[in-house]
Amino acid sequence: MLFASWQAHAQDQQPESSSKPAIPPDDMKPKSTGKQKKDTATQNAPDQPAWDPLRAEKDLEVGQYYMKKGDLDAAIDRFQDATTAKPGYAIPFRYLAEAQEKKGLKKQAIKSYQRYLDLYPHAEDGDKVRKKIDKLYKDVQREKK
């Protein structure tokens with residue numbers, strides 16, 4: 001008996017969803033301006049977000065792992081990704097320069113070392129890096145002759 005009265009009360013409380021239209025009336029629909037732009041998010045969005053400091057740190061770790069393993073190409077890729085993920089961060093440029101130097105990419109190493117110093121002018125290892133740049137520059141000049 002109690003169940004029957006509860007069931008009858010529950011039926012009275014049900015919304016009248018079947019009598020209302022599922023489509024909103026015209027005055028509630030978004031207005032079209034005629035100049036609507038196509039959604040190009042998939043065309044413009046890169047695979048990875050441009051600013052991602054956590055990804056930059058992970059790329060540094062993975063790049064260092066590849067350096068230890070001797071896979072310089074993979075290390076360079078990881079360090080370049082780190083520079084993209086956190087552009088103003090100096091450390092990836094130093095690691096990138098070291099990997100490029102080991103691979104014999106002297107001009108690129110000079111640029112990466114210089115970018116490191118531009119971002120971090122008072123680096124503790126700044127004198128050491130400047131000496132490396134000088135040495136690499138002399139090597140490049142010697143190779144031109």
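General observations
- Here S112 meets the list (1) open to solvent by 70 Å² or more (accessible area, probe 1.4 Å); (2) under 27 Å from the mean Cα position of the chain (by Cα) almost entirely, failing just condition (1).
- Just one of the numbered conditions (1) buried (at least 18 other Cβ atoms within 10 Å of the Cβ); (2) part of a loop (DSSP other than H, G, I, E, B); (3) not small (G, A, S) is not true of E98: (2).
- A Cβ distance below 8 Å, combined with a sequence gap of six or more or placement on separate chains, defines the contacts here; from region 112-125, residues that are in a helix (DSSP H, G or I) and modelled with pLDDT of 95 or more reach residues that are open to solvent by 70 Å² or more (accessible area, probe 1.4 Å) and not acidic (D, E) in the pairs L117/R130.
- Residue selected from region 115-145 under the condition aromatic (F, W, Y) and under 24 Å from A82 (Cα atoms), by the criterion surrounded by the most Cβ atoms within 10 Å (Cβ to Cβ): Y116
- When region 66-93 is filtered for residues that are closer than 19 Å to W51 by Cα, basic (K, R) and in a helix (DSSP H, G or I), only R78 remains.
The values are calculated or read from the model by the stated rules, or taken from the named source; none is laboratory data. Model, not experiment: these values are computed from the prediction. Cβ coordinates were reconstructed from backbone atoms using ideal geometry, including for glycine residues, and neighbour counts include every protein chain displayed. Only protein heavy atoms, including side chains, enter the accessible area calculation; ligands, DNA and RNA are left aside. Shrake-Rupley method; radii C 1.70, N 1.55, O 1.52, S 1.80 Å.
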